[in-house]
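The values are calculated or read from the model by the stated rules, or taken from the named source; none is laboratory data. Everything quoted here is computed from the prediction, not taken from an experiment. Accessible surface is based on the protein model in full, side chains and every heavy atom, while ligands, DNA and RNA are left aside. Shrake-Rupley method; radii C 1.70, N 1.55, O 1.52, S 1.80 Å.
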Amino acid sequence: MNKWLRKSLVILFSIATFGLVTPPASLAVQEKPAEDTVSKSPLKDESVEQSAATVVEVDQLPPSKEQVISTILLEAEEKSFSKFGDKISGVIEDEFKEVIFPKMEEIITYYLNVEDDELFQQLAVSKPSGGTSEKIFHIYNTETGEDVLRFHVRRENRPLEGYWFNFHYHTYHDSFQSHKDLGSIYWDKNTPPNWMSYVN
């Protein structure tokens, strides 16, 4: 096969696959040069450069939306249980996983799928707060530092019933004003311990 034809096929193959796949080895195989020819083959050098460029391009690809959502959901669950601490987790863990967290997943997934593609790549999950604070975690834009979603849990002491944990979220769409309910989990008639309390 002519050198120019082989080079053209390598270039066309790279363009057609956006450089994500290396050209077949059969295109890179060269006929043995005549023994009196000492010069390097330009095709071989080009093939090596193309292969190196392909590796760099694959490594630098931004994460897919599915990868971002999966990472944020894992962090959200981890931060939630960090917020509860051992003392509260032991009591509400099962109900949280069955009732509340699936709703959180739904909200986060919906939000990340309908928002601007450039925004979703810049999101992170904040740390929870302890004591009696409501904050479980916030999802925020890492470039601007501004929150886009806030997930909270409020303690409610209902007369004759005892203590409940009310889970809700806020969005930046209404400047975090309205409480959007996710559900409530019953604690006990006794006052719950502070958030992030651990068994010694």
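Hey, any idea what % of region 94-200's accessible area is carbon plus sulfur with a 1.4 Å probe? Whole-percent figure for carbon plus sulfur exposure: 46. Amide H contacts of residue 196: 84, 85, each under 5 Å away and 5 or more positions distant or on a separate chain (H built 1.01 Å from N in the peptide plane; Pro and chain starts excluded).
Summary of the geometry: region 122-175 and region 60-108, compared by the centres of their Cα atoms, lie 13 Å apart. Please say if region 74-143 is rounded, prolate or oblate, where rounded means a/c under 1.5 for a ≥ b ≥ c the square roots of the C-alpha gyration tensor eigenvalues, and otherwise the choice is prolate for a/b larger than b/c and oblate otherwise? It is oblate, given that a/c is not under 1.5 and a/b is not larger than b/c. Judged by the ratio a/c of the largest to the smallest principal axis of the C-alpha gyration tensor, region 142-200 counts as oblate, that ratio being 1.5 or greater while a/b is no larger than b/c. Fully extending the segment from residue 134 to residue 158 would add 6.9 nm, taking 0.36 nm per residue of separation and subtracting the current Cα-Cα distance. In plain terms, the chain from residue 78 to residue 109 could stretch by 9.5 nm, reckoned as 0.36 nm per residue minus the Cα-Cα distance.
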